[in-house]
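A short write-up of the structure that comes next.
The values are calculated or read from the model by the stated rules, or taken from the named source; none is laboratory data. Since we're looking at a predicted model, the values are computed, not measured. Every residue, glycine as well, gets a Cβ built from its backbone with ideal geometry; the counts of neighbours run over all protein chains shown.
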Amino acid sequence: MTLTINGRTYDWPRRPVVVVCVDGCEPAYLDTAVAAGAAPALARFRAHGFARLATAAMPTFTNPNNVSIVTGVPPAVHGIAGNYFFDPASGAEVMMNDPAFLRCETLLARFAAAGARVAVVTAKDKLRRLLGHGLDGVCVSAERAGEATVPGVGPLAELVAQPLPAVYSAELSEYVLAAGLALFRRLRPDVTYLSLTDYVQHKHPPGDEVATRFVAMLDRYFDAFDREGAILGITADHGMNAKARADGRPNVVYLRPLLDALVGPGQARVVLPITDPYVVHHGALGSFATVYLTRTADAGGVARRLATVPGIAEVWEREAGCARFELPPDRVGDLLVVGDRDTVLGKAPEEHDLSLLDAPLRSHGGLAEQTVPFVLNRPVRPAYAARPTLRNFDVFEYVLNGDVPLLITEYAEGETLHHRMQLEAFGLPEEQVLDIAEQLCDVLGYLHSQNPPVIYRDLTPGNIIISPTGRIKLIDFGIARTVKTGKTSDTEPLGTTGYAAPEQYGNLQTGPYSDIYSLGATLLYAVTGYDPSLTPFMLPRADLI
């Protein structure tokens with residue numbers, strides 16, 4: 001079964017899939033933790049799974065990228081161009097947390113509508129409404145875990161064996177992972193999405209002791225999901241870079257004074273899409289801004305002048321910028337301004353309260369934060385491994401479609417019934433035969449109760465393993481198949497002479513009754529010691545069925 005969602009075709013989950021968005025995860029965070037030996041699961045995934053770098057959507061903020069991940073498309077399609085934008089309809093600057101701003105469905109909602117069990121846990125409640133739009137499943141936030149109830153389970157806080165976390169803490173991300181793992185073990189969702197917070201990354205660079213401990217914590221949960229049998233995909237919404245001067249002050253280009261000098265006071269509106277309710281992280285300073293001009297005819301000249309300002313990497317007029325960054329033109333300004341790796345963009349000094357920053361500013365939003373990790377705990381098909389470029393919003397396609405099927409066979413310790421019968425010329429004791437018969441009936445009952453029924457078609461003493469404890473295992477399903485309704489014959493005669501039912505040689509259709517015939521022949525051998533496969537024998541006649 002497949003689902004086509006927003007132009008992509010996804011396979012139905014063959015096993016549970018879990019995608020984790022590690023907010024603000026510059027690849028160096030994982031690199032340094034693995035090098036320090038603090039992330040053995042990630043090291044294992046890199047060696048035996050799949051690990052590359054991917055490109056995030058622009059601007060490199062939380063809302064656009066989380067929504068891209070769960071829709072599989074860039075902001076130009078889903079419509080979420082930032083955390084915050086100027087809404088021409090209302091004439092006001094508003095948060096982009098309302099699902100009304102979404103322009104396409106999420107794969108989470110679509111899979112749930114098709115019958116999949118879906119669970120979503122976010123760190124911040126601002127994302128919950130967007131990710132949960134149209135979703136008939138579990139969708140909760142760690143920020144409001146004390147108010148959350150899981151249908152059919154109860155209060156989330158009772159399911160998770162951890163204290164409720166503060167919103168500005170590393171524990172908020174750990175709570176997301178703990179809740180996700182608890183839900184996974186309790187509900188076994190087909191699709192799970194977990195979105196963390198970048199509290200640590202805003203304060204601590206890669207290799208810092210706190211940052212390495214944080215990745216070690218992530219790694220323990222990654223290992224737990226892997227051991228639970230999940231197909232695990234790990235990526236990020238954006239990277240993170242230092243944006244402070246040598247003296248520790250934020251390295252900011254304030255746009256409003258520059259624009260006032262270029263086009264006159266009050267003739268330009270600066271919108272900072274990083275803006276969200278959590279300004280302690282970043283003081284509403286990121287490396288991307290849009291500018292609305294009263295006189296749009298000035299756009300080209302203003303763009304050229306701004307592009308010469310130190311700290312500004314690129315300036316684009318609306319149409320060209322939207323084509324470059326895959327953004328919806330009606331949700332950005334006349335100009336798109338991108339700061340460089342070391343610089344953030346602000347409105348004016350008096351409009352940013354930086355007193356809440358308790359560490360040198362680290363932020364995101366620009367091109368320098370587009371490179372993010374892309375890790376799976378399992379190898380992928382060659383066609384997927386060979387793709388030259390990856391986007392972070394390819395991750396669901398990779399975990400659902402790219403997984404390499406593995407055939408794992410169990411070692412069945414013991415001896416075959418045929419071998420045991422070689423030592424018993426006159427058959428086995430009656431109580432032993434009854435025990436074997438009961439176990440074989442249980443096995444056949446299970447196979448025949450499937451939809452459609454599975455027909456074994458080769459029940460013989462040589463395909464029955466008896467373990468040292470007397471447990472029966474049926475082996476070699478090479479000619480087994482499901483019942484094919486509407487057919488009157490099998491493709492070709494198959495089975496072991498003397499044990500195969502008459503219809504297996506009479507060009508007729510086999511069914512559960514065929515296995516019952518073979519069961520009788522096998523038990524006859526076990527009771528009497530007479531092997532039906534030995535000559536002289538008569539091939540069964542189809543007309544005697």
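Observations on the model:
- Of all residues in the stretch 425-452, those that are assigned by TED's automatic domain parsing to the domain that holds residue 527 have Cβ atoms under 6 Å from Cβ atoms of residues that are surrounded by 10 or more Cβ atoms within 10 Å (Cβ to Cβ) and β-branched (Val, Ile, Thr), 6 or more apart or on another chain, in 427/527; 427/528; 433/527; 439/472; 447/454; 452/482; 452/483.
- Yes/no for residue 359 being outside any strand (DSSP E or B), of a type in the set (A, V, I, L, M) and either surrounded by fewer than 16 Cβ atoms within 10 Å (Cβ to Cβ) or in contact with a helix residue (DSSP H, G or I) (Cβ under 6 Å, 6 or more places away or on another chain) (or both): yes
- Taken over the stretch 156-200, the residue count meeting the criterion of being of a type in the set (A, V, I, L, M, F, W, C), modelled with pLDDT under 95 and not in a helix (DSSP H, G or I) is 6.
- The set of residues in the stretch 428-462 being buried (at least 17 other Cβ atoms within 10 Å of the Cβ), over 44 Å from the mean Cα position of the chain (by Cα) and part of a loop (DSSP other than H, G, I, E, B) consists of 428 alone.
- Filter pass, residue 72 being under 16 Å from the mean Cα position of the chain (by Cα), in the same structural domain as residue 126 (by TED's automatic domain parsing), surrounded by 19 or more Cβ atoms within 10 Å (Cβ to Cβ) and in contact (Cβ under 8 Å) with a residue 12 or more places away in the chain: yes
- Residue in the stretch 53-63 that is at pLDDT below 95, within 18 Å of residue 128 (Cα to Cα) and not in a helix (DSSP H, G or I) present: no
- For first residues located in the stretch 124-136 and more than 16 Å from residue 81 (Cα to Cα), partners that are in a helix (DSSP H, G or I) and hydroxyl-bearing (Ser, Thr, Tyr) and lie 6+ apart or on another chain with Cβ distances below 8 Å form the pairs 124/62.
- Selection count, the stretch 86-135, where residues are more than 24 Å from residue 17 (Cα to Cα) and part of a loop (DSSP other than H, G, I, E, B): 9
- Lone unmet requirement of (1) touching a residue at least 60 places away in the same chain (Cβ under 8 Å); (2) in a strand (DSSP E or B) for residue 207: (2)
- Some residue of the stretch 365-378 being of a type in the set (Val, Ile, Thr), within 13 Å of residue 55 (Cβ to Cβ) and either surrounded by 14 or more Cβ atoms within 10 Å (Cβ to Cβ) or free of Cβ contacts under 8 Å to residues at least 60 places away in the same chain (or both): yes
- Here residue 333 qualifies as surrounded by 14 or more Cβ atoms within 10 Å (Cβ to Cβ), part of a loop (DSSP other than H, G, I, E, B) and small (Gly, Ala, Ser).
- Residue match in the stretch 370-383 (condition: part of a helix (DSSP H, G or I), more than 23 Å from residue 206 (Cα to Cα) and among the aliphatic types (A, V, I, L, M)): yes
- When the residues of the stretch 176-213 are filtered to those that are crowded, with 20+ Cβ neighbours inside 10 Å and among the acidic types (Asp, Glu), the one that is farthest from residue 141 (Cα to Cα) is 190.
- Candidates 269, 256 - the one that is closer than 23 Å to residue 62 by Cβ and not assigned by TED's automatic domain parsing to the domain that holds residue 97: 269
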